[in-house]
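What follows is calculated from the coordinates using simple rules that are stated; it is not laboratory data. Being a predicted model, the structure only gives us computed values, none of them experimental. For neighbour counting, all protein chains shown are included, and Cβ atoms are generated from backbone atoms with ideal geometry for every residue, glycine included.
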Amino acid sequence: MELFADLEHIIRGYLPEDKVELVRRAFVIARDAHEGQFRSSGEPYITHPVAVASIIAKMNLDHEAVMAALLHDVIEDTAYSEENLKEEFGASVADIVDGVSKLDKLKFRTRQEAQVENFRKMILAMTRDIRVVLIKLADRTHNMRTLGALRPDKRRRIAKETLEIYCPLAHRLGIEHIKNELEDLSFEAMYPHRYKVLKKLVEVARNNRQDLIERISNEIKERLENVGIVARVWGREKHLYKIYQKMRAKDQEFHSIMDIYAFRIIVKNIDDCYRVLGQMHNLYKPRPGRVKDYIAVPKANGYQSLQTSMIGPHGVPVEVHIHTEDMEQVAEMGVTAYWVYKESGKNDSTTAQIRAQRWLQNLVEIQQSVGNSFEFIENVKSEFFPKEIFVFTPKGRIVELPKGATAVDFAYAVHSDIGNTCVGVLVEYKPYPLSKALESGQTVNIITEPNAHPKASWLNFVVTARAKTRIRHYLKQRCEDDAVKLGERELNAALQPHRLTDLSPQQIQAVLDERKLSSLDGLLREIGLGNQLSSVIAHQLVGEPIEIDVDGNAENHSNTLTIAPALMANMQFAKCCHPIPGDPILGCSTPNNGLVIHHQQCVNLKNAHQLVKAKWEKMQSAVNFDAELQIEILNEKGALPSLMTVIGASESSIQNIWTEGLENNLLFVILQISVKDTKHLANILYHIKRITGVVSAKRNINA
Ligand code: MN
């Protein structure tokens with residue numbers, strides 16, 4: 001239990017006894033689970049989770065975060081499962097640990113600038129609970145502190161990744177002390193020599209200037225006292241990496257970088273901030289162009305202060321940051337301020353998401369109070385509640401897609417040709433449905449086939465405009481080509497015993513002229529699309545009447561219009577009888593609307609003249625058709641919901657609903673639903689009839 005002592009000391013400072021007990025239990029489970037495991041340094045493994053939990057506890061985060069920190073490696077590295085965690089400590093802790101494990105699996109593989117930015121976004125996109133990222137940052141901090149046990153090349157690689165990914169992440173979340181520590185540790189690991197030299201130089205400078213710093217500090221305090229402003233004043237040395245960056249940016253030697261020290265002045269309100277600034281500029285001479293008003297224009301992570309740099313005694317630069325207590329808290333704690341355990345607060349019932357929202361809300365308020373644009377808040381918001389997902393190509397490139405995007409969207413995002421020839425997908429090297437939404441962090445490998453083509457059914461699940469446009473474009477092209485071929489087939493059939501090739505150009509031109517069409521292909525396409533009747537055209541071409549035998553048997557296909565899937569989109573289906581694939585159908589030619597497909601039993605066909613036989617091509621329909629149902633159901637609570645459930649479960653959806661109360665406590669319902677074909681519809685009806693309370697259910701052909 002001695003390993004637990006230090007951590008216990010920290011949490012006793014802010015958590016009540018019952019919560020301390022929970023944390024102790026988490027410690028025991030973690031210790032036992034990691035029994036027999038050791039770190040590269042040779043220490044027992046449990047020292048690592050305890051150190052991570054201590055970093056979390058030093059930020060005064062709630063007990064769930066501390067527990068999850070203790071347990072953060074158990075799912076990955078021990079026999080303990082997420083299920084076990086859930087049973088033992090509840091869903092919240094289990095979720096956080098699961099989130100950390102998922103982030104651990106994420107491997108950053110490419111080094112391009114733009115990819116680094118996307119990778120950071122991916123981490124946030126994968127995070128529903130910000131405590132996951134906080135633990136990940138604490139984890140990285142302890143790993144960086146103990147880098148010494150690793151090989152130099154490995155050390156450098158991890159340090160570089162920390163600088164590129166985790167420091168900016170800590171900065172984004174406003175946790176400056178973590179960011180600064182990670183930067184210094186990375187700096188040391190990447191450039192051990194430069195680090196040592198600079199550290200020595202700063203130590204010397206610090207000793208030499210001790211008196212001077214004291215003097216400046218006293219002068220500032222004295223001045224504020226004289227003008228009656230209540231303030232806390234203290235000085236802080238900048239961290240080494242920041243000094244190093246400054247030297248690099250200005251290409252300067254250390255001795256010319258004088259401002260390694262910055263003074264903080266904390267006051268009651270914003271008015272006082274500006275008054276203090278005035279007093280400071282009166283005390284020392286301000287350096288031009290060095291005054292920054294981050295109160296009026298806060299930084300993107302919510303940081304606010306007035307900053308100025310002045311020329312102090314002996315020409316020493318004096319940097320001052322002025323802000324209020326509230327601003328100080330945001331500056332120090334950032335997002336963590338909202339996970340801090342508060343005895344009075346409703347910590348247990350408030351979800352992490354709500355607290356993250358509260359942080360955002362706070363940023364919005366800061367922004368509004370200074371009347372600034374909303375652009376930056378939109379930025380932050382989209383990072384915390386992303387509408388995008390980020391996935392990898394097999395080569396490690398990161399692809400950004402909207403939420404809900406599928407492998408087909410991904411394929412088109414990578415390249416149109418890949419989309420057009422896509423036949424399947426491997427996600428994390430395992431087969432994955434093309435229609436299933438992808439998740440952030442997945443590696444997506446599209447399988448292509450040179451002769452494959454886009455499918456109309458893809459339109460049912462793709463979400464990106466790019467994929468939709470490409471698929472439609474292909475289908476339209478394909479549809480027009482098909483229509484010409486189909487038209488030719490139809491016309492030849494209608495012309496029998498003649499053939500199109502037997503006809504003279506004059507005969508054809510006469511018909512084209514009459515129809516105001518420019519080419520034979522145009523005419524054939526019109527026939528194929530169902531806008532012109534093949535029998536009518538054939539009649540005109542050869543000047544003989546052609547019998548259309550409406551009551552004839554279906555075996556005679558010569559004059560039958562076949563409705564192929566590719567033509568579906570351009571075909572007109574009658575609104576009066578809603579024919580669906582599988583129904584017996586007839587085409588009815590009308591002067592204004594061309595050919596319209598009706599159900600054979602449609603009452604509107606009774607007086608129709610120009611009828612043509614039609615049938616469905618055998619197919620798996622991807623297009624959804626409307627069908628109307630007429631249902632009588634006992635008018636009880638839950639009657640309609642159970643109807644909806646059945647329809648939803650049958651992969652159909654409700655287009656329209658109309659109800660009327662009948663006598664005997666019956667409800668009459670007319671439902672318009674989407675169906676694929678008669679088989680699908682029969683299946684839905686079967687399930688509806690089995691709902692308790694349903695008295696009758698049938699399809700309605702003519703409403
Ligand atoms: Mn770890």
Computed ³J(HN,Hα) along segment 150-161: with the Karplus parameters 6.51/-1.76/1.60, θ = phi - 60°, integer Hz and x for glycine or proline, the list is 9, 5, x, 5, 5, 4, 5, 4, 5, 5, 5, 4
Around LEU517 (Cβ within 14 Å, Cβ-to-Cβ, excluding LEU517; K/R +1, D/E -1) the net charge comes to -1
Check cross-link reach from LYS606 to the lysines: straight Cα distance under 24 Å, and skip same-chain residues fewer than eight apart. LYS575, LYS615, LYS698
Straight-line reach check, LYS299, cutoff 16 Å on alpha carbons, 8 or more apart in-chain or any other chain, hits among aspartates and glutamates -> GLU176, ASP326, GLU328, GLU332, GLU365, GLU375, GLU378, GLU383
Does segment 199-344 classify as rounded, prolate or oblate by the C-alpha gyration tensor (a ≥ b ≥ c root eigenvalues; a/c under 1.5 gives rounded; else a/b over b/c gives prolate, otherwise oblate)? oblate
For segment 430-435, just list the computed ³J(HN,Hα) in residue order, Karplus coefficients 6.51, -1.76 and 1.60, θ = phi - 60°, integers in Hz, with x standing in for Gly and Pro. 10, x, 8, x, 4, 8
Just report the Cα centroid separation between segment 421-494 and segment 10-55, whole Å. 52
Search the structure for amide H atoms under 5 Å from the amide H of ARG264, placed 1.01 Å from N in the peptide plane, and list their residues when 5 or more places away or on another chain. TRP234, GLY235, ARG236, HIS321
Given backbone amide H placed at 1.01 Å from N, residues whose amide H is under 5 Å from that of VAL318, ignoring those fewer than 5 places away on the same chain, are MET310, ILE311, GLY312
Please compute the net charge surrounding LEU685, taking Lys and Arg as +1 and Asp and Glu as -1 over other residues with Cβ under 9 Å from its Cβ. +3
Please find the FRET efficiency linking MET644 to TRP234, where r is the Cβ-Cβ separation and R0 is fixed at 56 Å, and quote it to the nearest 0.05. 0.30
Protection proxy (average C-beta count within 10 Å per residue), highest first, orders 485-496, 192-203 as 485-496, 192-203
Would you compute, for the Cα atoms of segment 625-699, the largest minus smallest coordinate along each principal axis and list the three values in descending order, in whole Å? 34, 19, 17
Of all DSSP beta bridges in segment 199-344, antiparallel share, percent nearest 5: 75
I need the calculated FRET efficiency for the pair LYS395 and LYS618, taking r as the beta carbon distance and R₀ as 35 Å, to the nearest 0.05. 0.25
Given THR141, VAL52, VAL93, which one lies farthest toward the positive end of the charge dipole of segment 4-190, if we put +1 on the Cβ of every Lys and Arg and -1 on the Cβ of every Asp and Glu? THR141
Taking the highest mean first, how do the peptides 668-680, 640-652 order by number of other beta carbon atoms within 10 angstrom per residue? 668-680, 640-652
Cα to Cα, under 13 Å, and not fewer than 8 places away if on the same chain: which aspartates and glutamates meet these conditions relative to LYS395? GLU428
If the limit is 22 Å between Cα atoms, which of LYS637/LYS689; LYS19/LYS102; LYS58/LYS107; LYS19/LYS121 go over it? LYS19/LYS102; LYS58/LYS107; LYS19/LYS121
Karplus couplings for segment 27-36 from phi (6.51 cos²θ - 1.76 cosθ + 1.60, θ = phi - 60°), rounded to Hz, Gly and Pro as x? 4, 4, 4, 5, 4, 5, 5, 8, 3, x
Contour minus end-to-end for LYS516 and ALA5, with contour as 0.36 nm per residue of separation and end-to-end as the Cα-Cα distance? 174.6 nm
Taking Lys and Arg as +1 and Asp and Glu as -1, residues besides ALA170 with C-beta under 11 Å from its C-beta add up to +2
